[in-house]
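In what follows, a structure is listed as structure tokens, so that the remarks can point back to it.
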Amino acid sequence: MSETIKRQEVDLYKPIHKYFTQEGYDVYGEVNDCDVAAVRGEELVVIELKLNLTVDLLVQATKRQRLTDQVYIAIPKPKYKLRSKRWTDLCHLIRRLELGLIVITFSGNRKKVEVMFGPSTFDRKRSFNKKRRSALLKEINGRSADYNVGGSNKTKIMTAYKENCIQIACYLDKYGQLSPKALKQLGTGEKTSSILTKNYYNWFNRAERGIYELTEKGKTEIRDNPEIYEYWCQLLVE
């Protein structure tokens with residue numbers, strides 16, 4: 001049986017009690033539904049203890065913010081790396097909820113308490129990522145329609161880039177050999193030359209200098225996406 005399963009929430013109390021006592025607080029366990037309450041002068045700190053970082057713990061901790069803005073959650077140090085994306089994302093969520101985080105490391109009889117960060121006001125403007133927002137809108141604007149099902153997992157996703165590849169392939173299929181300039185005049189966009197050169201899906205072949213044609217693989221695979229293929233063909237008619 002693993003150490004995590006054997007350990008109980010009460011095992012977290014003594015190291016937390018010792019840490020805050022050393023910081024000059026009077027510490028009390030199980031006070032009016034709070035796992036730990038610590039008082040220093042007019043300052044009130046509440047700490048909620050759990051063996052794992054769960055939604056229930058976050059809900060419980062945010063309820064304690066009705067009592068004080070100094071609320072921490074305390075958990076044993078997780079087995080996965082603290083530099084992992086998972087941990088970074090969890091810390092972002094905790095900060096966004098304006099909670100503090102304490103990690104307790106158990107090594108034999110030794111117990112180490114580490115305050116990862118304290119409760120503080122979350123600055124939404126500072127966390128706003130203009131670059132990612134721009135990339136999201138660019139991707140949306142590059143799609144002709146909604147061809148994906150939200151929540152899909154381990155399925156091929158139709159991206160704006162792939163749509164652009166299908167568009168170019170569709171026009172080559174209809175008109176035969178064309179130059180990047182001619183394709184752009186048909187509306188394939190600024191990435192046309194790059195798409196033809198990189199040839200990510202192996203759909204294109206350079207027939208001669210500056211002239212491209214559709215491969216047999218391309219002719220077959222673009223018809224795996226009939227809705228998009230028909231969309232671009234219909235635009236040519238219009």
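Rule-based calculations on the coordinates, nothing more; no lab input. Computed from a prediction, not measured in an experiment: that's the story for all the values here. Note that we place each Cβ from the backbone using ideal geometry, even for glycine, and neighbour counts take in every protein chain shown.
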Virtual spin-label span in nm between Glu139 and Val59, 7 Å along Cα→Cβ: 3.1 nm
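Once you charge only the Cβ atoms, +1 for Lys and Arg and -1 for Asp and Glu, what is the size of the charge dipole of the chain about its Cα centre, to the nearest 20 debye?
In debye, rounded to 20, the chain gives about 900.
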Please name which of Phe128, Ile211, Ala61 has its Cα lying farthest along the dipole of the chain towards the positive end, using unit charges on Cβ (Lys, Arg +1; Asp, Glu -1) and the Cα centre as origin. Ile211
Once you've got the GNM for the chain with C-alpha springs shorter than 10 Å, pick whichever of Thr121, Thr155, Thr62 has the biggest mean-square fluctuation. Thr155
At a Förster radius of 35 Å, what calculated FRET efficiency corresponds to the Cβ-Cβ distance of Tyr147 and Glu98, to the nearest 0.05? 0.35
Positive-end extreme of charge dipole, the chain - chosen from Gln8, Asn148, Tyr200 (charges on Cβ): Tyr200
Let me check I've understood the local charge: for Tyr28, count other residues with C-beta under 15 angstrom from its C-beta, Lys and Arg +1, Asp and Glu -1. What total comes out? -3
Once you've got the Cα coordinates, tell me which of Lys6/Lys85; Lys156/Lys217; Lys81/Lys138; Lys130/Lys198 are over 25 Å apart. Lys6/Lys85; Lys81/Lys138; Lys130/Lys198
For Tyr175 and Glu213, calculate 0.36 nm times their separation in residues minus their Cα-Cα distance, and state this gained length in nm to one decimal. 12.7 nm
What whole-number distance in Å separates the alpha-carbon centres of the range 39-97 and the range 172-225? 53 Å
Hey, rough spin-label estimate for Lys154 and Arg206, points 7 angstrom out along Cα→Cβ, what's it come to in nanometres? 4.0 nm
With n ≥ 4 as the cut-off for DSSP H runs, can you work out [θ] at 222 nm for the chain, using -39500 (n - 2.57) per run divided by the number of residues, rounded to the nearest 500? -12000 deg cm²/dmol
